[in-house]
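See structure below.
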Amino acid sequence: MRRKIIWFLAVVILVGVGYFGYVRFVLPRYIARIIVNDELAPGFLPNRYGKIFVKSKKQINVGADSVLRIMHREKISLAQLLHAIDEVNEDEAYQFLDELNSTAITSSNQVFDIGKKYFKPDFDVELFREVFRKRFSVSQLKRGLLLANEHREEGDMSPEILRTIAKQILIEKERKIFEELSYVNK
């Protein structure tokens, strides 16, 4: 009987660790690859991820391309950008969300300014203002805020998962750019 309990606990632990690894590492890479390569989402992708990312993949790709273009033009390394994303902690993300919720959003510049209060990378974030302003309308920002609030209440998508997905998209985009450059230079 004791062995059965030990085996059961071992299986439960393995399943738990496997699920954590899937959600934390495998799923973000998979979502990033679907977005960057403009692939169709498979049926087994959890709906909460498909709803946000896969439906917005064109806009996400254009935004990521713009960020990488500015990054290269301004000599900001991918490591710096990824470090800036890593530096965003959950408390700051939720404080940012709370301030947006208590503010009547009237422009993308307003949201950018609020974001600057909470997220302070080691490079000039103003370089990205114009792209942010062009890429996000007030209605898109309000829809994003509604989705963020919904997922915050449901607890199904943490800032940690979003951070991992964002980093993975940038890594995949950068890899794809270098592959295309390598192909052109052959």
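See the values below:
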item	result
Selected residue (criterion: modelled with the lowest pLDDT) from residues of segment 83-93 that are among the aliphatic types (A, V, I, L, M) and part of a helix (DSSP H, G or I)	A93
Hits in segment 141-151 - residues which are surrounded by fewer than 16 Cβ atoms within 10 Å (Cβ to Cβ) and in contact (Cβ under 8 Å) with a residue 24 or more places away in the chain	K142, L147, N149
Top-ranked residue of segment 103-127 - restricted to ones that are of a type outside the set (K, R) and under 19 Å from P159 (Cβ atoms), ranked as surrounded by the most Cβ atoms within 10 Å (Cβ to Cβ)	V111
Per-region count, segment 27-74, residues at pLDDT 75 or above, of a type in the set (S, T, N, Q) and loosely packed, with under 12 Cβ neighbours inside 10 Å	1
All positions within segment 58-82 that are without any contact (Cβ under 8 Å) to a residue 24 or more places away in the chain and assigned to a helix (DSSP H, G or I)	K58, R69, M71, H72, R73, A79
Search result, residues across segment 116-151 that are β-branched (V, I, T) and farther than 22 Å from S102 by Cβ	V125, V131
Test: residue in segment 94-101 that is part of a helix (DSSP H, G or I), more than 13 Å from the chain's Cα centre (by Cα), over 24 Å from I114 (Cα atoms) and modelled with pLDDT of 75 or more	no
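Conditions (1) over 23 Å from A32 (Cα atoms); (2) in a helix (DSSP H, G or I); (3) of a type in the set (F, W, Y); (4) at pLDDT 90 or above, marked per residue:
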{"residue": "D113", "(1), (2), (3), (4)": "yes, yes, no, yes"}
{"residue": "E126", "(1), (2), (3), (4)": "yes, yes, no, yes"}
{"residue": "T164", "(1), (2), (3), (4)": "no, yes, no, no"}
{"residue": "E172", "(1), (2), (3), (4)": "no, yes, no, no"}
{"residue": "F178", "(1), (2), (3), (4)": "no, yes, yes, no"}
{"residue": "K186", "(1), (2), (3), (4)": "yes, no, no, no"}
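The values are calculated or read from the model by the stated rules, or taken from the named source; none is laboratory data. These numbers were taken from a predicted model, which means no experiment stands behind them. Note that each Cβ is placed from the backbone with ideal geometry, even for glycine, and that neighbours are counted across all protein chains shown.
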